[in-house]
Amino acid sequence: MKKAIITILILALLGGGGYGAYYYFYLGGSATTGRVSSSSEDAVYVEKVSVITGYGSGTGVVDRYSGEVEAQATLEIKLDSNRTVDECYVKVGDVVGEGQELFSYETQEEEDQITQNEINIEKYQMEIESYEAQITSYEKLIATYTDDDDILEANLMIQSIQNSIRSLEYEIQSLQVENESLQETIEDSVVTAEMGGIIQKISDTEDDSDSYYSTDSSAYITILAEGDYRIKGTINELNYYDIYEGISVIVYSRVDASQTWTGEITDISTEQDEDDSDSYYYYYSSSSSDTSTYSFYVDLDSSEGLLLGQHVYIEVDSGQSEEKTGMWLEEFYIIQEGDSAYVWLANTSNVIEKHEITLGEYDEELAEYEILDGLEADDYIAFPADSISEGDPVYYSDIAVVSEVSDEDFDEDDDYYDADADGEEVDPDVYYDVDEGIYYAIEEDDDIVYEEDDDVEYEDSYAVIEEEE
């Protein structure tokens, strides 16, 4: 006696086989009466119309990125590494105007240096006066000398003294220039705001507890511009080219999905973010720790209701927020010939056929046609390809392939399935009594788990997932 088993093939057929298994086991799908997937290598992959015309691309996958609300402009004021802050005139949360004093540097060291330089200048000037007196004395002596050797020696002494004077004059000039620079430093010891805004952060090498928000910035004071906010988003390198400047986006609140804002991407960074940890969120997937992340920025049409520092989700606006009535199908599924339109449809005989449909309005932005007649939500259609011919067998995205196994695949009591899909013997103790119901062997985190499906009525049989090779 032969007995049937259900073998669900986890195949990446046109990118949708994995989703078919997911739909079957986790969304409650079951084998539909009269529809059976072909195991032929030439089978045409078909997907349910209700899935295709639902939200997303037909697989339910949506790109979603993390974001954080920040000010339109940020001013970071960094300290001079050679100076020490004397007094800070503001505190976190203060609203400051352009030109307002923020803090001052200590100037005592500069003032002391100026005083010391002035003392040295005075000393050098006195030395110069002394040298000039010596030159005058030698010149008087030369006038009395008759011996050429005495005259030569006196002139050499004068030249030596003149060199010393020039050296002292250079020192004086250098000290005067230094004093001018020190005086400018003293006059510039008070730092003012170059723009108005809110004091977001004031760093302290000993205590940084006054900061509202943590930051990796080396700035001493951070000022956020008042007014409308923008969103700083993060994208993974795998999806970097899925966005571009000028593309419209929808921003969602993380705590209330009904709260949304709209805007457009105005800037995309080409430099890798310094901190990639937990900054990228990919809907229905997970980010790889081996990939890099990059920042992009969203200008909002309105920032009403947003809070500075609030975390949000960002999606490219592909019309998902618009509610439409009726059935709308992407135009690339549709074959148009003259005044007629067709789709490749899986008929009740489980083969593909060219099926005529009636089109309504066209959504140019989303490239979708309204389907007025010829398709039902429970129908299955294929993506058009030159290789498809009428009468080809079909493989359904969410319906099993039925195959036959012999009695040899079961134990003597017909209670346990005793071989895997390839006929290899397995431990029968890991299977449940078939009379108790139908169970599915599902590979999950390298373990095999079993789930019962009461909707499948096959006696003395098991439903198993064949491991992908």
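Going by the structure shown, is Leu168 among the aliphatic types (A, V, I, L, M), assigned to a helix (DSSP H, G or I) and in contact with a Phe, Trp or Tyr (Cβ under 8 Å, 6 or more places away or on another chain)? Walk me through how you get there before you give the answer.
Details: among the aliphatic types (A, V, I, L, M): yes; assigned to a helix (DSSP H, G or I): yes; in contact with a Phe, Trp or Tyr (Cβ under 8 Å, 6 or more places away or on another chain): yes.
Yes.
Those residues that are in a loop (DSSP other than H, G, I, E, B) and over 43 Å from the mean Cα position of the chain (by Cα), I need them from the stretch 344-370; list them, please. Within the stretch 344-370, Asn347, Thr348, Ser349, Asn350 qualify.
To keep it simple, each residue is scored yes or no on (1) part of a loop (DSSP other than H, G, I, E, B); (2) modelled with pLDDT of 85 or more; (3) not polar (S, T, N, Q).
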| residue | (1), (2), (3) |
| --- | --- |
| Thr7 | no, no, no |
| Leu14 | no, no, yes |
| Tyr19 | no, no, yes |
| Ser30 | yes, no, no |
| Glu68 | no, yes, yes |
| Leu75 | no, yes, yes |
| Asp80 | yes, yes, yes |
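Of all residues in the stretch 354-393, those satisfying the criterion of being on the phi > 0 side of the Ramachandran plot and open to solvent by less than 40 Å² (accessible area, probe 1.4 Å) are Ala367, Gly374.
Could you please let me know if Asp63 is under 28 Å from Ser248 (Cβ atoms), modelled with pLDDT of 70 or more and assigned to a loop (DSSP other than H, G, I, E, B)? Yes: the conditions hold for Asp63.
Taking the residues in the stretch 177-193 that are polar (S, T, N, Q) and over 26 Å from Ile223 (Cα atoms) as candidates, determine which candidate is surrounded by the fewest Cβ atoms within 10 Å (Cβ to Cβ). Let's see the steps before the verdict.
Going through the stretch 177-193, the residues polar (S, T, N, Q) turn out to be 179, 181, 183, 185, 189, 192.
Now narrow it down to the ones that are over 26 Å from Ile223 (Cα atoms): 179, 181, 183.
Working: Asn179: 18, Ser181: 12, Gln183: 14.
Only one residue fits best here, namely Ser181.
Could you grab me the full set of residues in the stretch 311-343 that are touching a Phe, Trp or Tyr at 6+ places or on another chain (Cβ under 9 Å), assigned to a loop (DSSP other than H, G, I, E, B) and either modelled with pLDDT under 85 or surrounded by fewer than 17 Cβ atoms within 10 Å (Cβ to Cβ) (or both)? Result: Gln320, single match. For the stretch 75-127, a residue qualifies if it is open to solvent by 70 Å² or more (accessible area, probe 1.4 Å) and in contact with a Ser or Thr (Cβ under 9 Å, 6 or more places away or on another chain), and the qualifying residues are Glu76, Lys78, Leu79, Asp86, Glu87, Tyr89, Glu98, Gln100, Glu101, Glu106, Glu109.
The values are calculated or read from the model by the stated rules, or taken from the named source; none is laboratory data. As the structure is a computational prediction, the values presented were derived from the model and not from experiment. Note that each Cβ is placed from the backbone with ideal geometry, even for glycine, and that neighbours are counted across all protein chains shown. With ligands, DNA and RNA removed, areas are computed over all heavy atoms of the protein, side chains included. Shrake-Rupley method; radii C 1.70, N 1.55, O 1.52, S 1.80 Å.
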